[in-house]
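So the structure is just underneath, and the comments pick up after that.
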Amino acid sequence: MKSATKRGNQIVVGSITLLVALTAVLAYLNAGDLALKKELEMNAEFLFTAGETSERVSMSQILELQPVEFEAVMDTSITDPTPVTFTGVELSRICQHFGIELLPDSLVQVSALDGYASVVTGAEALEPGNVYICIAMNGEALKPKSQGGFGPFMMVIKNVVFSQRWCKFVEEIVVR
């Protein structure tokens, strides 16, 4: 009986050791990403990538595109549908400004600092007044995640029933 208990304990200890080692390796591999994510958030920037080209987009570059105010309905699993006034630039305009061709069959992946990602089609992004990269909500600048906000950048898809595809804490936009 002692032998079976000892063997069971060895299996548990071995399994825990393996899990701790795996967690350490994954944390090490992700460390570089964490530094970049923190830098992007603190500098109010996001990466904009298409093909082999990647560029950092700053808040001042977004402001140069003259953001507009628009209303969208925020509807989450924990809130009632609420009309919200956002300030942002249409994603199609950002693509055009940076010389990135956006076609109806393009896919645009928007990734967040917290690991969430959302995809919109080129057709959705090309629809006038639909997909925005926002910098303010209800007249106030979006605060970074570290300050309990949704920003500094947030993707809002105006013409969807629920806001589950919206992406707060935008870190990178990739056009394929």
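The values are calculated or read from the model by the stated rules, or taken from the named source; none is laboratory data. In this text, all values refer to a predicted model and were calculated from it rather than measured experimentally. With ideal geometry, Cβ positions are generated from the backbone for all residues, glycine too; neighbour counts draw on all protein chains shown.
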Self-check item: Number of the condition not met by residue 29 [criteria: (1) surrounded by 10 or more Cβ atoms within 10 Å (Cβ to Cβ); (2) more than 29 Å from residue 141 (Cβ to Cβ); (3) modelled with pLDDT under 65]
Solution: (1)
Quiz item: Residues in region 148-169 that are assigned to a loop (DSSP other than H, G, I, E, B) and of a type in the set (A, V, I, L, M, F, W, C): how many?
Solution: 7
Practice problem: Give region 81-107 a look and list any residue that's of a type in the set (Ser, Thr, Tyr) and either without any contact (Cβ under 8 Å) to a residue 60 or more places away in the chain or assigned to a strand (DSSP E or B) (or both), or say none. | Solution: 82, 85, 87, 92
Quiz item: Which one of these is crowded, with 21+ Cβ neighbours inside 10 Å and within 18 Å of residue 53 (Cα to Cα): 113, 103, 91?
Solution: 91
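For every residue, the table says whether it meets (1) more than 17 Å from the chain's Cα centre (by Cα); (2) farther than 19 Å from residue 49 by Cβ; (3) not in a strand (DSSP E or B).
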site: 109; (1), (2), (3): no, no, no
site: 124; (1), (2), (3): yes, no, yes
site: 129; (1), (2), (3): yes, yes, yes
site: 146; (1), (2), (3): no, yes, yes
